[in-house]
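For reference, the structure discussed in these notes is given below.
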Amino acid sequence: MPLLLILSATILILWILLSSTPTIPKNRQASTHQTKAVDNTRFSPQQKLRAEQLISLFENNTLEFQYGYAEVLRDGRGITAGRAGFTTGTGDAYIVVKQYTEKVPQNSLAKYLAELERLLTADNRDDVSGLDGFMTAWQNAAQDPMFRSIQDRNMNQMYYLPAMVHATAQGLQFALSRSALYDTIIQHGNGNDPDSLSVLLRETQERMGGTPRTGVDEKAWLTAFLQIRRTHLSRSHDRSTRKAWAETVTRVDVWSAIANSGNYNLTGPIVIRVGYYNTTVP
């Protein structure tokens, strides 16, 4: 095949891939590197499942994925919904509803698209005044396998893949370290705000004088990262999330307890007896 045709085909494929990537608001923006190859050889499907069960425990107090969950947490993010805690105030809930409506035009959430889009640039993104009935509609939509599949796909694309890009860039080998980053990006986002995952990684690098990629002991690095994350949760820069986040520091304590047990491979079963968490991850 002539070189010009090869280059043209390559450019067309790249354009299709990039144009299909959803845009997420800046404060919970997915990594711009998420379309690059990610090294997943150190994170098996079983380890990923355990990580997501732990995330479900933190988000919904159960190991079972809660696709129909919807609640106003009064944390500055409007309504939090679904298995990943998609929110109306940060735009990821908008993306989920938009994609669902593209697949199933006649659905109970479609009528909220205009309001969800308005909230993307609203001064008060915690506003839920135009979302009466949204939580019930979300719960009803969660009965549809298509809606659940869209939640799965967006959790993977918005949060899991960007977290793994960060993990690989840091040189993380342990499934536990990678899982901790996955959980962090779910709660803190990957944007530019002072409590985001990117900031936590930078502060950890400054404290440790490097990363596991540059020779820092990964166990010591993970300890420092969790300490820094706990500090941010206990007194976040965002006043609207401060009270709600301060109540979730036990989330970090669970990761620390797993590390203290020496289970860096995230091998099951994982017995959790930390604070108000009392369960076993198979």
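The values are calculated or read from the model by the stated rules, or taken from the named source; none is laboratory data. Because the structure is a prediction, the values reported are computed rather than measured. As a convention, Cβ positions derive from the backbone with ideal geometry for all residues, glycine included, and neighbour counts pool all protein chains shown. The accessibility values were calculated without ligands, DNA or RNA, using every heavy atom of the protein model including side chains. Shrake-Rupley method; radii C 1.70, N 1.55, O 1.52, S 1.80 Å.
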A chain fully extended from R207 to D144 at 0.36 nm per residue, minus the present Cα-Cα distance, gains in nm 18.0 nm
Between the residues G275, L226, N263, the Cα farthest towards the positive end of the dipole of the stretch 192-282, that dipole coming from +1 and -1 charges on the beta-carbon of Lys, Arg, Asp and Glu, is from G275
Cross-link reach from K98 to aspartates and glutamates, straight Cα distance under 20 Å and at least 8 residues apart if same chain, gives E71, E115, E117, D126, D127, D132, D144, D152
Rounded to the nearest 10 Å², the 1.4 Å probe accessible area of Y112 is 10
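Give the ranking of S261, S149 by solvent-accessible surface, highest area first, calculated with a 1.4 Å probe.
On the way: S261 85, S149 55 Å².
Most to least solvent-accessible, the answer reads S261, S149.
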Note on the stretch 146-282: alpha-carbon gyration tensor, axes a ≥ b ≥ c; rule is a/c under 1.5 for rounded, else prolate if a/b larger than b/c, else oblate; result rounded
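Skip the ligands, DNA and RNA, and give the accessible area per residue of the stretch 147-245 with a 1.4 Å probe, whole Å².
37
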Residues whose built amide H sits under 5 Å from the amide H of A70, excluding neighbours closer than 5 in sequence, are G82
Most packed first (mean Cβ within 10 Å per residue), the peptides 273-281, 135-143, 225-233, 162-170 order as 162-170, 225-233, 135-143, 273-281
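At 0.36 nm per residue, and after removing the present C-alpha to C-alpha distance, how many nm does the segment from T280 to R235 gain when stretched out fully? Before the final figure, lay out each step's value.
Values: separation 45, 0.36 × 45 = 16.20 nm, distance 2.95 nm.
My answer for the length gained is 13.2 nm.
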In nm, the gap between the two label points placed 7 Å beyond Cα toward Cβ at V271 and T214 is 4.0
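Give, in nm to one decimal, the length gained when the segment between E117 and R153 is fully stretched (0.36 nm per residue of separation minus the Cα-Cα distance).
On the way: separation 36, 0.36 × 36 = 12.96 nm, distance 2.05 nm.
Taking 0.36 nm per residue and subtracting the Cα distance, the gain is 10.9 nm.
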Once all protein chains are kept in place, T211 shows an accessible area at probe 1.4 Å, nearest 10 Å², of 10
Per DSSP loop assignment and a cutoff of at most 14 other beta carbons within 10 Å, the chain keeps its longest run without exposed GluC sites (Glu not before Pro) at 65-246
For the stretch 207-259 (alpha-carbon point model, no solvent) the Debye-based log₁₀ I(q)/I(0) at q = 0.17, 0.20 Å⁻¹ works out to -0.58, -0.72
Expressed in nanometres to one decimal, the distance between label points 7 Å along Cα→Cβ at T250 and A169 is 3.3
Scalar couplings 3J(HN,Hα) for the stretch 73-87 by Karplus 6.51 cos²θ - 1.76 cosθ + 1.60 (θ = phi - 60°), nearest whole Hz, x for Gly and Pro, are 8, 6, 10, x, 10, x, 8, 9, 8, x, 5, 9, x, 4, 10
Working note, the stretch 47-124: Cα radius of gyration (Å, one decimal) and Dmax (Å, whole number) are 13.6, 40
Carbon/sulfur accessible area of the stretch 46-136, % of total, 1.4 Å probe, equals 44
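Using Cα-Cα distances under 8 Å and only pairs 6 or more residues apart, what relative contact order does the chain have, in percent?
Numbers: 373 pairs, mean separation 54.2, N = 282.
Averaging sequence separation for qualifying contacts and normalising by length gives 19 percent for the chain.
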For K219, the aspartates and glutamates lying under 19 Å Cα to Cα, once residues fewer than eight places off in the same chain are dropped, come out as D183, E203, E206, D253
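How large is the charge dipole for the chain, taken about the Cα centre, if only the Cβ atoms of Lys, Arg (+1) and Asp, Glu (-1) carry charge, to the nearest 20 debye?
It works out to roughly 440 debye.
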